[in-house]
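See structure below.
The values are calculated or read from the model by the stated rules, or taken from the named source; none is laboratory data. Computed from a predicted model, the values in this text were never measured in an experiment. Ideal geometry is used to build each Cβ from the backbone, glycine not excepted, and the neighbour counts take in all protein chains shown. Remember, those area values only see protein heavy atoms, side chains included, never the ligands or the DNA or RNA. Shrake-Rupley method; radii C 1.70, N 1.55, O 1.52, S 1.80 Å.
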Amino acid sequence: MRPMRLSQLVSSILWLVPLSLQAAIALAILWRRLLRVFPIFFSYTVLVPVRDIILLLLPFPGNRYSFVFWWGDAVVILLSLAIIFEVLWHLFRPYPFLHFVFRLVGIVAVVVIVCTLTLLRTGPIGADRILESILLMERSARVLQVGLLVALMLLMSRLGLTWQHYSLGIAAGFGIYSALDLILLELRGHLHFVNYAAFAFLGSGAYNLAVLVWAFYFLKSGAGTPVRSLPSTELANWNAALTEHVDKWYRH
Amino acid sequence: MVSTLIVLALAASSLVLAWTILRPGLPEIRDLDDWEAKRHEVDLQAFRMLLDGTEQRYLRTSLPPRKFREFQRKRTALALQSLNLVGKNAQMLMKLGNLAKMGADPALAKQADDLIHGALRLRVNLLLIQPYLWLKWLFPGGMLPLPAFEMPYEELAGYFSRIRQQRQWDLKQALTTS
């Protein structure tokens, strides 16, 4: 009886923590006037808890429950893909000279993802074919998402864009959740290593981790105190010296 | 099995990258004093000397080949180290620029934008130059001409220009013969 209660308690915590934190994140976005900057992330932050509350009110199992759950899942995945582009747009829009790098990385990411998805075209083989088909489709969407996130985080780390703390938090949170979810989907849908209960439990844990990362970035007090003057730097000279070498080595 | 390995590798790289961008890699920069205390001093002239072609030719002629390669590798490693420090400086300046943009002064915000722009440009240049220097470190004796980004466009433009000239010449020929 006791372990049963403990698992129920843990499930409730895993359900309640992201619900309350996402409500707080949504309020922080409104309070800090970031709605215009991250409208899709805001929609995602509002949609997921609302779906969870609707699901709580619907009878389980039932057609309406399944409808809200699976369609909600599809919309959530689409929104999370759109958020990656939102972050990319937010990072690169102010710098026209980076658009070339952005396009190059975009093309490479798409090519790699298409190749990977082609390799992943495996049909369901277990007893519950419908559920496995859905899991495999979700896996493909997650591969796309993780591929884009890898490209995004690679750019952020190589270009030193980690001072953009809201974008950093969003990317890192999704990076952790999508990667863990993808691993779980692989273990459940393809390798059949975990049962449904463990899959749901661990998936929920991964989502909690992501929400904690977002909460840390959106709820912590302001990004710092503004500085009143800027130093003189040698950036222009360094850029001139490096451009000279880049020109010499890459253009001849 | 191959697809599983690909998916797991992709997921693992996402986790590693998430850790890379989340871990505190840079010293905290909160104001100008922080920048002055934590910036790295890197001599631009010394860096230029390390990659100077004339210097390299002189060393090649005056040192035995093995010694030259050894020496050249040290020079390249030093250049890479300098660039690493310059990259860190650029990252700190971006952070400082971001803090300056938070203030109410529009002139300072414009200055901060320019600073961030310059620092980002430097990071892009570093992305282009570092792979070349790694190759140079691996093959210290060789000259490494690399393919150009613009070359295909230039070639393409030249190709179209030649086609246009050819067509104009053909048209002239046709007109004169008729």
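Side notes on the structure shown:
- Verdict on B:E70 being modelled with pLDDT under 85 and open to solvent by 60 Å² or more (accessible area, probe 1.4 Å): no
- Residues within the stretch B:33-43 that are open to solvent by 70 Å² or more (accessible area, probe 1.4 Å) and under 27 Å from A:E244 (Cβ atoms), tallied: 3
- Within the stretch A:172-188, considering residues that are within 7 Å of chain B (Cβ to nearest Cβ) and touching a residue at least 40 places away in the same chain (Cβ under 8 Å), the one nearest to A:F38 (Cα to Cα): A:A172
- Just one of (1) within 20 Å of A:W163 (Cβ to Cβ); (2) touching a residue at least 12 places away in the same chain (Cβ under 8 Å) fails for A:P94. It is (2).
- Subset of the stretch B:13-32 (residues that are open to solvent by 50 Å² or more (accessible area, probe 1.4 Å) and modelled with pLDDT of 85 or more): B:L15, B:V16, B:W19
- Matching residues, the stretch B:79-137, being open to solvent by 40 Å² or more (accessible area, probe 1.4 Å) and outside any helix (DSSP H, G or I): B:M102, B:A104, B:D105
- Under the condition of being under 16 Å from A:L235 (Cα atoms) and at the interface with chain A (Cβ under 7 Å from one of its Cβ atoms), the residues counted in the stretch B:99-125 number 12.
- Test set (1) loosely packed, with under 13 Cβ neighbours inside 10 Å; (2) in a loop (DSSP other than H, G, I, E, B) - B:A46 fails condition number: (2)
- Residue count, the stretch A:45-102 (criterion: more than 25 Å from A:L149 (Cα to Cα) and open to solvent by 60 Å² or more (accessible area, probe 1.4 Å)): 11
- Looking only at residues in the stretch B:52-66 that are modelled with pLDDT of 85 or more and not in a helix (DSSP H, G or I), the one that is most open to solvent (accessible area, probe 1.4 Å) is B:P64.
- Some residue of the stretch A:135-149 being surrounded by fewer than 15 Cβ atoms within 10 Å (Cβ to Cβ) and either within 10 Å of chain B (Cβ to nearest Cβ) or not in a helix (DSSP H, G or I) (or both): no
- Taking (1) over 20 Å from A:I29 (Cα atoms); (2) more than 7 Å from every other protein chain (Cβ to nearest Cβ); (3) open to solvent by 50 Å² or more (accessible area, probe 1.4 Å) in turn, A:L219 satisfies each apart from (1).
- Cβ-Cβ under 7 Å pairs, at least 6 apart or on other chains, the stretch A:53-75 side over 21 Å from A:A23 (Cα atoms), far side open to solvent by less than 70 Å² (accessible area, probe 1.4 Å) and assigned to a loop (DSSP other than H, G, I, E, B): A:R64/A:L58; A:Y65/A:L58
- Qualifying residue in the stretch A:205-213 (condition: among the polar types (S, T, N, Q), on the phi < 0 side of the Ramachandran plot, part of a helix (DSSP H, G or I) and within 11 Å of another protein chain (Cβ to nearest Cβ)): no
- Some residue of the stretch A:2-20 being modelled with pLDDT of 90 or more, within 28 Å of A:G147 (Cβ to Cβ) and open to solvent by less than 60 Å² (accessible area, probe 1.4 Å): yes
- Just one of the listed residues (B:T61, B:T54) is more than 7 Å from chain A (Cβ to nearest Cβ) and more than 26 Å from the chain's Cα centre (by Cα), namely B:T61.
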